[in-house]
Amino acid sequence: MTRVVVTGLGMVSAAGTGVPAAWSKLADGTTALNPISKFDGALYDRTVAGEANHLARTDGGDRCEQLLELAADELIADSGWDDALMVDAGVVLGTCQGSIARAEQIHRKYARRPQEAATDDDKARFAAYRPGAGTTWLAEHLGAGGPRATVGMVCVSSSVALCHAVDLVQRGACRRVVAGGFEEFSQFVFTGFHCIGATATGGLRPFDEERDGTVLGEGAVLMTLETLEDAQARGATIYAEIAGGGFAADAFHMTAPDPEGGGLERAIRQAFSEAGVGPADIDAISAHGTGTAFNDGMECKAFARIFKEVADADRMPPISGVKSVFGHTLGAAGALDATMSILALRDQLFPPTVALETSIQPTWDFVPGGSKPADRPIDVVLSTNSAFGGNNSALILRRVDAS
Amino acid sequence: MTDDRIFVTGVGAGTPFGLGVDALLDGMLAGESRVVALAEPHGSLAPGYGGEVTLKARDLRSLPNSRDMRPGTMTRYTFLSTLALGSAMAEGEIPWDDGDGALRRGFYVASYTNSDRFDKYVRFAHHVIDKDADGKPVIVDERVPTAIRKFSGFEFLKLMNNMPTAHGGIQGRCQGPCNTFLGSPSGGLQAIGRAKLAIQDGLADTMYAGGVGSSIHPQMMMVRATRKLESSSDVAPDQAGRPFDQDATGIVPGEAGGCIVLERASTATARGANARAELAGYGEWFTPPSVNRGVPPTPAGPVRAMRRALERAGLEAKDVDVVFAHGESNNDLDRIEALALAETLGPRSADVPVVSMTAHVGSTEAAVGPLNAALAVRVLETGKVPGALNRGNPLPEYKGPNGAAPMDIDAKVALVSVTTREGIAAAVVLRKIE
């Protein structure tokens, strides 16, 4: 099987523009969540979000394109891909709702004045309405002429997109792919989460007894993927190998996850199988950790069953819930979690679960507070995500020099 | 990876002709168009006609494992997707209640978007937003609790783009790989191609693969109107959809869901399934994108997609007996597609029938590929090929037959192709099982 590696990273998040800004916040155990600025959160009795407040919103501009462009700038500089390499590169992105705020603007206008002719400005907004438009925009922006796909699987969108991208390279559909995800913070999505009782009253506290919901964020997270052979041939920096991926459905309920985590367990086992690893090989876990009662409980049940198989039953790898720092970036979450896992491999740090006080699994190590230097080599990380509708994903990220 | 062949054991559809692929094929063989004047005009934004699906909740509930499904919790996209999936499950006699069999089943579906009811949220915003003395918008505190009560969480969740997969996964009892592809009319064929790979990679034994389109709602109508892609309203509705015809004036709104059931040959054989055709090959190709501006400059993309599909099927252009094409009814894109067909089929272009359903049901977005694949399966079974409706003045680039009368042919190989303005071309090859 062709080995596919990550050779470049780029991201924008509530922590700022750039991977170093995000990693610094996470490693320090400092949350990047900030007061809601896009609308008055107090009206929902909610105060914080993971907005990229360091970026001014341009009037009429597309927030998703703004996020993607900045992430792409860093990605290209980091990867060293030039125009010649980009020309046949694929672009595979995940998103939950795409440029939803533009659609929000359009409909506010048309709901009031349905007979009014569309302006030129409207056309640009309409064009961005389709969730898949971000992928096309990025491909054009980068000059990437290879395979393109947009995965719309809510919170597992970008992790499934990474699986799809790896598959394209392994099958020879293209030699390299830009993959990841994007999401903008919008009142529409916030309202939806609020209506279903999923928003936290305060911070996002994954795996805490007192957790009471999630905090929505925004961001764009991109990676360059290519074959190990190509990366070595051009002397590229190799961050990690995406050694395996899996995704599986619960078929349990339209919105609630299988409370036993059956789908997540199957996704993890599929990723194990693809990577040729088992529970004993996993050195760290990046969990979805939304801070909701259902999700975190379900995840723990799945992890408990899987890692029970390890000979030393107490050897549950440290588990990180990075959404406590960045918020839940929905369509970008899988790629963001994977990026933090890759940096954990690079710097040999267990990323923290910030704001954790009373763990729902007291004997497990959720790395509360700040990051923790590895007391043993971190060679393989499991990164998991789950979504409304019962969709689950898992990625196995491995240090190349450890394989 | 296994070497097993992939059989199609069921096809399903929800179209303006009703439930099931036979209803669609019968209507097309009869030369009917279901593009009609819509009961509710959509302001000044649309031509006022389209191919509308009139199926109801009771139609869905008549399908396997669908009795408890609630269309009230679905958008139009999701509803159409579940109709198509249920219809395919019924024809395939899928043993959906087979316990652990669910672990080996998956569902891939394609859709432009799933947000046809977004207007409700705008009404929410309108409910809570007012203007202050300076005319600036402000949120009125006391209205928020009322607005929140009016909006159940399910109204929001309906709009998540994975909801066709989520509902379909429950309906079809799929606990294997499930995915939603967004953004292009070729997405439905991409879903089929990826589903084939999922079986060949050993991730599943049975995959449902489909696509859904719903362009008769304000959102998509506004998009097309502003991009000036809609058909003119100066022609009769049943004359509006004109694939590969010089007199075409633009895209005709339509809606539909299409789905096929793919099974590993050994699985299908073991359960005594009716193997209706073999999914022999899949190909895709990408032209560098130009965001919403025009169409691909050359036919190279669709040509490569079709050739790749044929190559993977171990076939050549000379083996193709019938083609199912997109035929968007927009001259710019239809010219490119016609050139691609002529280049791919070569000297046989003049003889190979080219079927397009656009004249019959309008543009069905991401459903077009799976619907055409489903039609192709039926044509391979019956040998009955619909005529070319509304193609009396073909584009010079179009070299195929354009007779309106249906044909009887001994079709053994069908080529299904979707060419898109997004520059994503996809094709599948279906072969008759002798």
Whole-Hz Karplus ³J(HN,Hα) for segment A:222-235, in order, using 6.51 cos²θ - 1.76 cosθ + 1.60 and θ = phi - 60°, x for Gly and Pro?
10, 9, 9, 10, 8, 6, 4, 4, 5, 4, 5, 5, 9, x
With each run of n ≥ 4 DSSP H residues scored as -39500 (n - 2.57), what mean residue ellipticity at 222 nm is computed for chain A after dividing by its residue count and rounding to the nearest 500 deg cm²/dmol?
-10500 deg cm²/dmol
Hey, fewest Cβ within 10 Å first, where do B:Y208, A:Y44 land in order?
A:Y44, B:Y208
Exposure proxy check: B:M74, B:M207 ranked by fewest other beta carbons within 10 Å?
B:M74, B:M207
Residues meeting the amide H criterion for A:I238 (H placed from the backbone, H to H distance under 5 Å, 5 or more places apart or on another chain) are none
Out of A:P147, A:A52, B:V261 - ranked by how far each Cα lies towards the positive end of the dipole of the protein assembly as shown, with unit charges on the beta-carbon of charged residues - the top one is B:V261
Can you flag which of B:K158/B:K196; A:K308/A:K372; B:K196/B:K412 are past 22 Å Cα-Cα?
B:K158/B:K196; A:K308/A:K372
For B:Q239, what is the net charge nearby, where nearby means another residue's Cβ is under 12 Å from its Cβ and Lys, Arg count +1, Asp, Glu -1?
-2
What is the dipole size for the protein assembly as shown, taken about its Cα centre, with +1 at each Lys and Arg Cβ and -1 at each Asp and Glu Cβ, in debye to the nearest 20?
1060 debye
Based on the mean of other beta carbon atoms within 10 Å per residue, what is the order of A:61-70, B:166-175, A:258-267, most packed first?
B:166-175, A:258-267, A:61-70
Can you list the residues, at least 5 places off or on another chain, whose amide H is less than 5 Å from the amide H of A:V48, using H built in the peptide plane?
A:I36
Three-way shape call for segment A:4-402 based on the alpha-carbon gyration tensor, with the a/c threshold at 1.5
oblate
Rounded to the nearest 5, what % of DSSP beta bridges with both residues in segment A:4-402 are antiparallel?
70 percent
11 Å beta-carbon shell around B:L339, net charge (K/R +1, D/E -1)
-2
Quick one: net charge of A:G132's neighbours, Cβ under 9 Å, K/R +1, D/E -1?
+1
Label point distance in nm, A:R376-A:V310, each placed 7 Å from Cα along Cα→Cβ
0.7 nm
Take the alpha carbon gyration tensor of chain B, find the square roots of its eigenvalues, order them as a ≥ b ≥ c, and report rounded if a/c is under 1.5; if not, report prolate when a/b exceeds b/c, else oblate.
oblate
Tell me what chain B gives for mean residue ellipticity at 222 nm when only DSSP H runs of n ≥ 4 count, each as -39,500 (n - 2.57), the sum divided by the residue total, rounded to 500 deg cm²/dmol.
-9500 deg cm²/dmol
Which whole-number percent gives the relative contact order of chain A, counting Cα pairs below 8 Å spaced six or more residues apart?
24 percent
For B:G281, other-chain or 5+-apart residues with amide H closer than 5 Å (H placed, Pro excluded) are B:V429
Kindly put B:S215, A:S37, B:S66 in sequence by how many other C-beta atoms sit within 10 Å of each C-beta, fewest to most.
A:S37, B:S66, B:S215
Percentage relative contact order, segment A:197-317, counting C-alpha pairs under 8 Å, at least six apart:
28 percent
Just going by the charge dipole of segment A:4-402, with Lys and Arg at +1 and Asp and Glu at -1 on Cβ, which of A:P20, A:G235, A:A165 is farthest out on the positive end?
A:A165
State to the nearest 20 debye the size of the charge dipole of chain A about its Cα centre, where the only charges are +1 on K and R beta carbons and -1 on D and E beta carbons.
580 debye
Among the listed pairs A:K38/A:K301; B:K399/B:K432; A:K38/A:K323, give every one whose C-alpha distance is greater than 31 Å.
A:K38/A:K301
Computed from the beta carbon distance with a Förster radius of 22 Å, FRET efficiency for A:A84 and A:I238 to the nearest 0.05 stands at 0.65
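Every read-out reported here was derived from the displayed coordinates using simple, explicitly stated rules and does not represent laboratory data. As the structure is a prediction and not an experimental result, all values here were calculated from the model. Here the Cβ is made from the backbone with ideal geometry for all residues, glycine too, and neighbour counts use every protein chain on show.
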